[in-house]
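In what follows, a structure is listed as structure tokens, so that the remarks can point back to it.
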Amino acid sequence: MAQAQLTIDLDALRANWRALDAKTRCETAAVVKADGYGLGAHRVAPALAEAGARRFFVALAEEGVTLRRILGPGPEISVFSGHMAGDAAAISEAQLVPMINDIDQMLRHVEALPGHPFGIQLDSGMNRLGMEPAEWAALRDVALSQNPRLVMSHLACADEPGHPMNAQQRDTFREMTDGIDAPRSLSATGGVLMDESFHFDVTRPGIGLYGGRPFTEARHVATLEIPVIQSREVLPGETVGYGNTWTAERPTRVATISGGYADGILRAQGPAGYLMAGETRCKILGRVSMDLIGVDVSHLETVPDALSLLNAHQGVDTVADAAGTIGYEVLTSLGSRYARRYTGQ
Ligand SMILES: *Cc1c(COP(=O)(O)O)cnc(C)c1O
């Protein structure tokens, strides 16, 4: 193996969508922003459509244009950032549904594209995107008279099911939307896993589809195998890597693998991180370099041709924990130097 290989299991992805869909009685959409969480929207989105997703979400209109080319006419493509200045042509040509976030976006939308569908994003407490309650109160009747495709909000703490913020946001969302005809959506992956009062009419899972927490029952989706370039015996007292941050205490067999932080392998995981030889953990020695990592393979019978950063025994969350981050960042950091392979089509 000359190049590191990223393998994406589309069967597992579809199974994860179906499993999340089975947890609610409402419609399940799919979030494929950031190029399908780094795994390649051109393969991920059609696989999700095949599984049954009819409504997709992206962050930006440009992503929506790309996704429309991938999916063709039919599936609804909604844009979280709404209608930003300069987006009108993209929204119109790709038949996107912007989630309108404030009065300025609403005016921009109805002036540029009168009659073009839109949705509404409300702020129920996260203070990131969407209309505040007072703004919504002023705009509500006008907006609802034009039959928005969806009225949505987003939970800030859904990865902690017991967090009081969840119920508080749900109740605020209800107060803002009870009695309207438009379909409502509050929950991403975390909310799908909470009780039915969080589900409303449409759910919007992202990370759970790709095998990440909080959907702990998820099937493993992304496998990353990195070839070993060279191996050597290091004697007690010798060091490995930049800054001499690791010193051998006993004779150690060190494998140097062909991947580093330029490939999105987070440098921060260095001292706490592992590569995998199948089920066997192999410790990262010293610092992660731009294109290389030293790994302890002393306990393996032979030096393998490749080691895995991600496999069925070490998922995105384990890697994320070692780097002090979240699975979302591990996935969306995955670099462009990998040979990408899709299985289970
Ligand atoms: C990213 C995002 C989602 C998907 O969230 P996950 O936690 O990945 O399931 C849903 N809704 C909004 C508004 C988002 O930004």
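The values are calculated or read from the model by the stated rules, or taken from the named source; none is laboratory data. For clarity, every value in this text was computed on a predicted model and none was experimentally measured. All Cβ positions, glycine included, derive from the backbone under ideal geometry; neighbour counts span all protein chains shown. Note: areas computed on protein heavy atoms with side chains; ligands, DNA, RNA excluded. Shrake-Rupley method; radii C 1.70, N 1.55, O 1.52, S 1.80 Å.
Would you kindly state how much longer the chain becomes between LEU235 and THR332 on full extension, computed as 0.36 nm times their sequence separation minus their alpha carbon distance, in nm to one decimal? Write down the numbers at each step before the final one.
On the way: separation 97, 0.36 × 97 = 34.92 nm, distance 3.77 nm.
Once the chain is fully extended between LEU235 and THR332, it gains 31.1 nm.
Quick one: length gained pulling ARG267 to VAL142 fully straight, 0.36 nm per residue minus the C-alpha distance? If you can, show how the numbers build up before the last one.
Numbers: separation 125, 0.36 × 125 = 45.00 nm, distance 5.04 nm.
That works out to 40.0 nm of additional length.
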Quick one: pull the percent of accessible area on the range 222-343 belonging to carbon and sulfur, 1.4 Å probe, ligands and nucleic acids left out.
47 percent
Quick one: among THR302, THR66, THR28, which has the greatest mean-square fluctuation in a GNM of the chain with alpha-carbon springs under 10 angstrom?
THR302
Can you tell which of LEU67, LEU224, LEU139 shows the greatest fluctuation in a Gaussian network model of the chain with Cα springs below 10 Å?
LEU139
I'd like the distance between the alpha-carbon centres of the range 227-267 and the range 286-345, rounded to an integer number of Å.
15 Å
Pulled fully out, how much extra length does the chain show between ARG54 and GLU301, if you take 0.36 nm times their separation in residues and subtract their Cα-Cα distance?
84.0 nm
Going from most exposed to least, what order do MET84, MET131 have by accessible area with a 1.4 Å probe?
MET84, MET131
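What do you reckon, how do ASP296, ASP123 stack up by accessible area (1.4 Å probe), largest on top?
Values: ASP296 35, ASP123 10 Å².
From most exposed to least exposed: ASP296, ASP123.
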Beyond 39 Å, how much of the Cα-Cα pair distribution for the chain remains, as a whole percent?
24 percent
Using alpha carbon coordinates only, what is the Rg to Rh ratio of the range 61-102, with Rh defined as the Kirkwood radius?
0.94
Using a 1.4 Å probe on heavy atoms of the protein chains only, the accessible area for GLU238 in Å², nearest 10, reads 80 Å²
Answer check: the range 222-343, Cα atoms, Kirkwood Rh, Rg/Rh ratio of 0.95
How much accessible area does MET165 have with a 1.4 Å probe, in Å² rounded to the nearest 10?
40 Å²
With each label point set 7 Å from Cα along the Cα-Cβ vector, what nm distance links THR280 and ARG128?
4.1 nm
Heavy-atom accessible area order for TYR342, TYR261, TYR274, largest first, 1.4 Å probe:
TYR261, TYR274, TYR342
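Ratio of the range 15-131's C-alpha Rg to 2.2 N^0.38 Å, to two decimals?
Numbers: Rg = 14.4 Å, N = 117, 2.2 N^0.38 = 13.4 Å.
Relative to the 2.2 N^0.38 Å estimate, the range 15-131 comes out at 1.07.
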Roll a 1.4 Å probe over the protein heavy atoms and report the accessible area of ARG287 in Å², nearest 10.
100 Å²
Restricting the range 23-107 to trypsin sites (Lys or Arg not before Pro) in coil, as DSSP defines it, with at most 16 other Cβ within 10 Å
ARG25, ARG54
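Kirkwood Rh and Cα-based Rg: tell me the resulting Rg over Rh for the range 10-210, rounded to two decimals.
Numbers: Rg = 16.0 Å, Rh = 16.8 Å.
My calculation of the ratio gives 0.95.
Using Cα pairs under 8 angstrom and six or more residues apart, how large is the relative contact order of the chain, in percent? Could the numbers behind the result be given before it?
Working: 769 pairs, mean separation 65.5, N = 345.
So the answer I get is 19 percent.
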Anyone know which of PRO164, PRO117, PRO205 comes out most mobile in the 10 Å Cα GNM of the chain?
PRO164
